[in-house]
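Scroll down for the structure; my scribbles are underneath it.
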Amino acid sequence: MGRLFGTDGVRGVANADLTAELALGLSVAAAHVLAEERSPEGHRPVAVVGRDPRASGEFLESAVVAGLASAGVDVLRVGVLPTPAVAYLTGALGADFGVMLSASHNAMPDNGIKFFARGGHKLADELEDRIEGIYAEHRTGAPWDRPTGAGVGRVKDYDTGFDQYIAHLIGVLPNRLDGLKVVLDEAHGAASRVSPEAFARAGAEVVTIGADPDGLNINDGCGSTHLGLLKQAVVEHGADLGVAHDGDADRCLAVDHTGAEVDGDQILAVLALAMRERGALRSETVVGTVMSNLGFKLAMEREGVSLVETAVGDRYVLEAMKEHGYALGGEQSGHVIILDHATTGDGTLTGLMLAARVASTGRRLAELAAVMQRLPQVLVNVPDVDRSRVATSAELAQAVADSERELGATGRVLLRPSGTEPLVRVMVEAADIEQARSIASRLADAVKTALG
């Protein structure tokens, strides 16, 4: 059995790769690992369990809850809420751990299981490995330690999580949003109720699209991976800005009043300067990834803000932030972590903070985002290849070296296997868009040839 955990939990096609049996077994294994240190004496472990609206989440939630209760864990079932809400409630309620069922921005047939440790923090690799190890032992016949009688876990619906999370979001805003008109695209996902309510309570006039989840339409032509509808709606409604989330609302992308996209790098740039102005940008440093646009790096350098780069993945951004005490970090994809107020990427919080900056300055988002000039960047996804051999293929290494020589100091190349999907991502950045496209196309062909 290969490693189950990817960069963002365990993910796969629901009822094919990710079965009820797997969900139940992983939950029992997680209970043994994450609830083994109990305090005070006699304290029964507690887990917060939430999900996005996917149809498969209904049976997977039942499997997870059954596994946890069978292992002696009391379950607080919070229902459909964003991933950052489950992380927040895990910490706020003093739970031993949390479980979120979602495949984030993936298409509807997929689903996933993500565990949060005490405090609402993502699991370290060592904890994931221990969970997988216990699960593997069980698959080979090792019996579970099963409580009986009064020792089994109890299951309760925790209905106040919705309001508790929104109150937290409103409570950390530096200013209200009165006078702003905002279009929200909820991707028919987990924030379909939360985000519109939070923006409205903060004072914004809200227009909502993509907020009618039926279990099957999550991320379908809408949300942060499909900005066309949001761009159109912002222009049609004469809104000040638009905000788009993905299926579990741990990311945020934006659109300015003209319908132009504002990506994660630009959002980070705007928030970095806003936080520095408030004295909240510790060490005057922001954390990005190797995928951060060169324009973002140049803008931060010009503004006197230090940039720390990590590998791609919000977990690596978070690790660097926690290790050095930085307050802000994120990815071009819209995963933005504001560590003083969230333990993971929070799309609703990010959108609120971005709108708050527009409201407080009285400036258009387009003007604020212009602090950085986004250099042309082409990203090509190459599916159906052996992504495990990206780092070891001599043929690919030569193709990358040739491309880097051609670009010189005016651009860069990055090849990386996706941590959540079976594909390889090819990124080329150059001063000229046509050159970037040409090189990206050649590298994509090289990936197919070398790894196909």
Meets criteria (at positive phi and not hydrophobic (A, V, I, L, M, F, W, C)) for residue 50
no
Going by what's in this entry, would residue 157 be described as outside the structural domain of residue 112 (by TED's automatic domain parsing) and charged (D, E, K, R)?
no
Considering only the range 216-249, state which residues are closer than 13 Å to residue 107 by Cβ and touching a residue at least 60 places away in the same chain (Cβ under 8 Å).
216, 217, 218, 219, 220, 223, 225, 246, 247
The lone exception for residue 401 - which of (1) aliphatic (A, V, I, L, M); (2) without any contact (Cβ under 8 Å) to a residue 60 or more places away in the chain; (3) touching a helix residue (DSSP H, G or I) at 6+ places or on another chain (Cβ under 9 Å) it fails
(3)
For residue 108, work out the one condition from (1) of a type outside the set (Lys, Arg); (2) over 15 Å from residue 156 (Cα atoms); (3) touching a Leu at 6+ places or on another chain (Cβ under 6 Å); (4) buried (at least 24 other Cβ atoms within 10 Å of the Cβ) it doesn't fulfil.
(4)
Among the residues of the range 332-387, count how many are more than 25 Å from residue 202 (Cβ to Cβ), in contact (Cβ under 8 Å) with a residue 60 or more places away in the chain and either out of contact with any Asp or Glu (no Cβ under 6 Å at 6 or more places or on another chain) or part of a loop (DSSP other than H, G, I, E, B) (or both).
14
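Residue-wise test of (1) surrounded by 20 or more Cβ atoms within 10 Å (Cβ to Cβ); (2) at pLDDT below 95; (3) among the hydrophobic types (A, V, I, L, M, F, W, C).
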position	(1), (2), (3)
357	yes, no, no
362	no, no, no
366	no, no, yes
388	no, yes, no
412	no, yes, no
421	no, yes, no
429	yes, yes, no
434	no, yes, no
Can residue 353 be described as touching a Gly at 6+ places or on another chain (Cβ under 9 Å), modelled with pLDDT of 95 or more and not hydroxyl-bearing (Ser, Thr, Tyr)?
no
Kindly indicate whether residue 313 is touching a His at 6+ places or on another chain (Cβ under 9 Å) and either farther than 26 Å from residue 359 by Cβ or of a type outside the set (Phe, Trp, Tyr) (or both).
yes
From the set of residues in the range 431-451 that are within 18 Å of residue 375 (Cβ to Cβ) and of a type outside the set (A, V, I, L, M, F, W, C), which is nearest to the chain's Cα centre (by Cα)?
437
Pairs where the first residue, in the range 55-68, is touching a residue at least 12 places away in the same chain (Cβ under 8 Å) and the second is assigned to a helix (DSSP H, G or I) and of a type in the set (Val, Ile, Thr), C-beta under 6 Å, 6+ apart:
67/28
Restricting the first residue to the range 306-320 and requiring it to be farther than 17 Å from residue 414 by Cα and touching a residue at least 12 places away in the same chain (Cβ under 8 Å), which pairs with a second residue that is part of a helix (DSSP H, G or I) and not hydroxyl-bearing (Ser, Thr, Tyr) meet a Cβ separation below 8 Å and a spacing of at least six or different chains?
306/284; 306/300; 307/296; 307/297; 307/300; 307/301; 308/320; 308/324
For the range 86-113, enumerate the residues that are hydrophobic (A, V, I, L, M, F, W, C) and in contact with a Gly (Cβ under 7 Å, 6 or more places away or on another chain).
86, 87, 89, 100, 101, 103, 113
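The values are calculated or read from the model by the stated rules, or taken from the named source; none is laboratory data. The model shown is predicted, which means the values in this text are computed figures rather than measured ones. As a convention, Cβ positions derive from the backbone with ideal geometry for all residues, glycine included, and neighbour counts pool all protein chains shown.
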